[in-house]
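Notes for the one structure printed next.
The values are calculated or read from the model by the stated rules, or taken from the named source; none is laboratory data. Model, not experiment: these values are computed from the prediction. Glycine also receives a Cβ, built like all others from the backbone with ideal geometry; neighbour counts cover every protein chain displayed. These accessible areas exclude ligands, DNA and RNA; they are computed on the full protein's heavy atoms, side chains included. Shrake-Rupley method; radii C 1.70, N 1.55, O 1.52, S 1.80 Å.
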Amino acid sequence: MNFKVHKRHRSSLSAKEWSKAAFSFVWMWFISRSPRLLLLGFPAMILFTAIPVMAISGRTATSRLDVRRTYETAAARAARAEDHDAAALWFRKLLTLNPNDQAIKFHLALAVEAQGDTARAYALFEQLTPLDKAGYPAAHFYRASRIVEQEETRTPDGFRRAVWHLTQVLSQNPNDLHAKTLLANVQVMRGETAAAAEILEELVVAHPEVHLTVSGLYKKLGRDDTAEHHAQQARDRFRDLREREPENVNHLLRLAEAHALSLQFREAETLLFNHLNKKLDVEVTATALVKLAMLEVDLELEKDIPDWALVVSLLERSLASGYLHGYVFERIALVVGRHSGEKADQLREQLEAALADGRAPAVCHLLLGTLLGQNDQKSDATRHLEAARRVYPENPVVLNNLAYYLMESDPPQLEDALVHANLAAKLAPNTPEIQETRGQILAKLGRDAEALPDLEAALRLEEVPATLHKTLGQVYDRLGHDTMSERHRKRAAALEE
């Protein structure tokens, strides 16, 4: 019985009592040793004590590393899946492990911005790009990129801030290709083309492909000899790259562009057509051919007497390709818009002569129809545009212009116009010229709720006509939105002044 009581007493010693007993034992051991023996044995004592401590801390460090890897994997997976809520959650967890990790904070800011919490994202970006410190380069670059991407921030003050952010990147990474290229783009947007050329010229030794951009900038500055020097360097570079990687379409496109900078259009065309005939990279190559043709058209239109046979041929080829409808719209408008009065009669004679010779009938009908329509000859306009549609029954440029002049004819043929406009919109979705035409037709039909999305999308036009703002004012008025109606009426009035 006594034995059992004694055993229970020993097992009931508290942790505090055990610690006190252990400390007393160690202390007695220390004071009972001679100082010399104690010093000799002290390293062993430290090692003996450190082994368990290191084992425990090692396990802790390994555990923290495992946790970090788990969080990083989950965050990366969520970011790839564009699950912004989950990504933000995992990046926040990562920040608890290291609150000063700028890379994690930057990715958290991106995730939060993608969630739509712009205020919180802005606060994080502000922390990463302070005014009194160097900041995090990736955050500076991202903020500069956002300024350039968003139309509302492309202002003198916005460009000034973009330059400051990019300067911070370059102060830490002086040879950052992306930062220098973006800085050059900003300078071009500010009208400082010479400064942009100087920035990029510093890169050509390490990045010979930049010769191409530098050549274009010097071309704009009228420094043709310098531009040609860089164009030749670009041709040499991309020809060499093509020999190494003959199937890389990007090298082909850049080589064609380098030829175009030297006005070697036939050489550029040959390269692109040869690649297209192999049925390789069809869309990008056909698109490049349209851009090349429109560049040549632009150069012809700058002349006092353009080579109309060449212009018509290039437009016909581009119209038939089915790519870059917006580019073709712009050039049709340029061709027709620069001719009025006596010049319009001269252009009409040229086009009618080309028709009689059987040259490019579709584009001649398209140009004649558009030209006559702008001169209020609506019935003749629709006749020519119908002829163009018979050649290209599914060409959105032709269908759009036909729909527009059917709407403008006397009397208006709105239902027929809407059929063509709907087909044009289906063939070339999100094209602002087509969206404006269909929106105008729907508004005239009184289908205001359907017209509004098209009309507002058409505000993306490079030059917004007063008629678009007028129609938007009327549509908003009929839908009961007085404030927006008044705003568009004022815009229309300002454009007509």
Would you be able to tell me the number of residues in the range 209-268 that are within 20 Å of Ala293 (Cβ to Cβ), open to solvent by 70 Å² or more (accessible area, probe 1.4 Å) and over 26 Å from the mean Cα position of the chain (by Cα)? 3
Just to verify a result, which residue in the range 465-497, among those that are in a loop (DSSP other than H, G, I, E, B) and within 22 Å of Thr437 (Cβ to Cβ), is farthest from the chain's Cα centre (by Cα)? Leu479
Scanning for something farther than 18 Å from Val475 by Cα, touching a Ser or Thr at 6+ places or on another chain (Cβ under 9 Å), open to solvent by less than 70 Å² (accessible area, probe 1.4 Å) and part of a helix (DSSP H, G or I), does the range 423-435 turn up at least one residue? yes
Residues of the range 63-101 classified as free of Cβ contacts under 8 Å to residues at least 12 places away in the same chain, closer than 18 Å to Leu124 by Cβ and surrounded by 13 or more Cβ atoms within 10 Å (Cβ to Cβ), total: 3
If you check Leu402 against the conditions, is it open to solvent by less than 10 Å² (accessible area, probe 1.4 Å) and of a type in the set (A, V, I, L, M, F, W, C)? yes
Taking the range 148-204 and the residues there that are assigned to a loop (DSSP other than H, G, I, E, B) and of a type in the set (A, V, I, L, M), the one that is surrounded by the most Cβ atoms within 10 Å (Cβ to Cβ) would be Leu203
Six or more apart or on different chains, Cβ atoms under 8 Å: show the pairs whose first residue is in the range 343-357 and in a helix (DSSP H, G or I) and of a type in the set (A, V, I, L, M) and whose second is surrounded by 16 or more Cβ atoms within 10 Å (Cβ to Cβ) and modelled with pLDDT under 75. Leu347/His339; Ala354/Ala360
If a residue has to be open to solvent by 40 Å² or more (accessible area, probe 1.4 Å), assigned to a helix (DSSP H, G or I) and at pLDDT below 85 to count, how many in the range 269-314 make the cut? 1
Any residue that is in contact with a Gly (Cβ under 6 Å, 6 or more places away or on another chain) and part of a helix (DSSP H, G or I) - is there at least one of those in the range 384-395? yes
Filtering the range 321-335 down to residues that are open to solvent by less than 60 Å² (accessible area, probe 1.4 Å) and on the phi < 0 side of the Ramachandran plot yields Ser321, His325, Gly326, Val328, Phe329, Arg331, Ile332, Ala333, Val335
Among the residues of the range 129-147, write down those that are open to solvent by 20 Å² or more (accessible area, probe 1.4 Å), under 21 Å from Ile199 (Cα atoms) and in contact with a Phe, Trp or Tyr (Cβ under 8 Å, 6 or more places away or on another chain). Ala138, Tyr142, Arg143
Tally of residues being touching a Phe, Trp or Tyr at 6+ places or on another chain (Cβ under 8 Å) and farther than 20 Å from Leu182 by Cα across the range 225-251: 3
State yes or no: is Gln377 open to solvent by 50 Å² or more (accessible area, probe 1.4 Å) and either over 30 Å from Glu450 (Cα atoms) or in contact with a Ser or Thr (Cβ under 7 Å, 6 or more places away or on another chain) (or both)? no
